[in-house]
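Input: a single structure, listed below in structure tokens.
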Amino acid sequence: MITITKNEFKQLAEYVHSHYGIYLKEEKQALVTGRLQNVLIELNLKNFTEYYNYIISDKSGKAATLLMNKITTNHTFFMRESDHFDYFKNHVLPYLKNSVKNKDLRIWSAGCSSGEEPYTLAMILDEYFGSEKSFWDTKVLATDISLNVLERAINGIYTNEDISVLPALWRNKYFTRKDDKNSVIIDRIKHEVIFRKFNLTCEIFPFRKKFHVIFCRNVMIYFDMQTKEKLVNAFYDALEYGGYLFIGHSEALNRDESKFKYVMPSVYRKE
């Protein structure tokens, strides 16, 4: 096994933090070492110093992408923190339906992981608007830094156990059976979600229009305070007035410093 020294871990952690905003604590050293073992072996590298030099010298960006795919934890599931979806359907959508005059809804699932969150939003939108949906643009933008999970999300294949938490009506309406153990999202819902790779710590958000709703749940727990505050400010600027920000239940904004108005635990609004 190739071990990592404290200096090597510090060097790698500083690179990840400066480029992606993710703060790797010292207790993550064993996890990082384990996840990168096979990468070093496949590249025939003797130590993590050689690996670091390999990453910074690779101008294609593929080495850095592989690093992020290996060290990021993408754990999510359907209906996670389900009260958010209830609030979105029962309070946010009625407000947007009455206030968005051009029928162009802009919803962003930031840190979408393997797609459960944006697909859930797409199903809620389909159910809520019903026969009126054809008059609205309700596509959901879904972004993540990991190409691995984006590929899984685009495929839209989930185990039958994964989707068992969904209402039976949704399972029958929005999924088709792939085999004995797996089901796949129907194309009509797949086409309602636009998946893109995106780094939330980039200096400028490249979006032409502001969003009405941003979901960024259980992502900022990996950021230090400075990175988190910068991202929250960027979200504020990226939202329309009256727009909503949903974060994870284990996360919170500093109400004394944030420009967002507190609505309920882990739900905030730009006013």
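The values are calculated or read from the model by the stated rules, or taken from the named source; none is laboratory data. Note that this is a predicted model, so its numbers are computed, not measured. Counting neighbours? That spans all protein chains shown, and the Cβs are built from the backbone with ideal geometry, glycine included.
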With the structure loaded, tell me whether Phe88 is at pLDDT below 85, farther than 25 Å from Lys28 by Cα and in contact with a strand residue (DSSP E or B) (Cβ under 9 Å, 6 or more places away or on another chain) or whether it fails that test. no
Helices (runs of 4 or more DSSP H) wholly in region 103-174 with at least 1 residues that are over 20 Å from Lys70 (Cα atoms) and among the hydroxyl-bearing types (Ser, Thr, Tyr) - which ones? 116-129, 168-174
Within region 97-130, residues among the hydrophobic types (A, V, I, L, M, F, W, C) and at pLDDT below 95 come out as Cys112
For region 97-106, indicate whether the set of residues that are within 30 Å of Ile247 (Cα to Cα), of a type in the set (Val, Ile, Thr) and over 24 Å from the mean Cα position of the chain (by Cα) is non-empty. yes
Odd one out for Lys89 among (1) surrounded by fewer than 17 Cβ atoms within 10 Å (Cβ to Cβ); (2) touching a residue at least 40 places away in the same chain (Cβ under 8 Å); (3) in contact with a helix residue (DSSP H, G or I) (Cβ under 8 Å, 6 or more places away or on another chain): (2)
With criteria (1) at positive phi; (2) in contact with a Ser or Thr (Cβ under 7 Å, 6 or more places away or on another chain), Asn44 comes up short on (2)
Within region 226-262, which residues are more than 19 Å from Ile204 (Cβ to Cβ), outside any loop (DSSP other than H, G, I, E, B) and touching a residue at least 40 places away in the same chain (Cβ under 8 Å)? Gly242, Tyr244, Phe246
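Here is a yes/no grid of residues against (1) under 27 Å from Ser114 (Cβ atoms); (2) hydrophobic (A, V, I, L, M, F, W, C):
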{"residue": "Gln11", "(1), (2)": "no, no"}
{"residue": "Gly21", "(1), (2)": "yes, no"}
{"residue": "Asn44", "(1), (2)": "no, no"}
{"residue": "Lys59", "(1), (2)": "no, no"}
{"residue": "Ala64", "(1), (2)": "yes, yes"}
{"residue": "Met68", "(1), (2)": "yes, yes"}
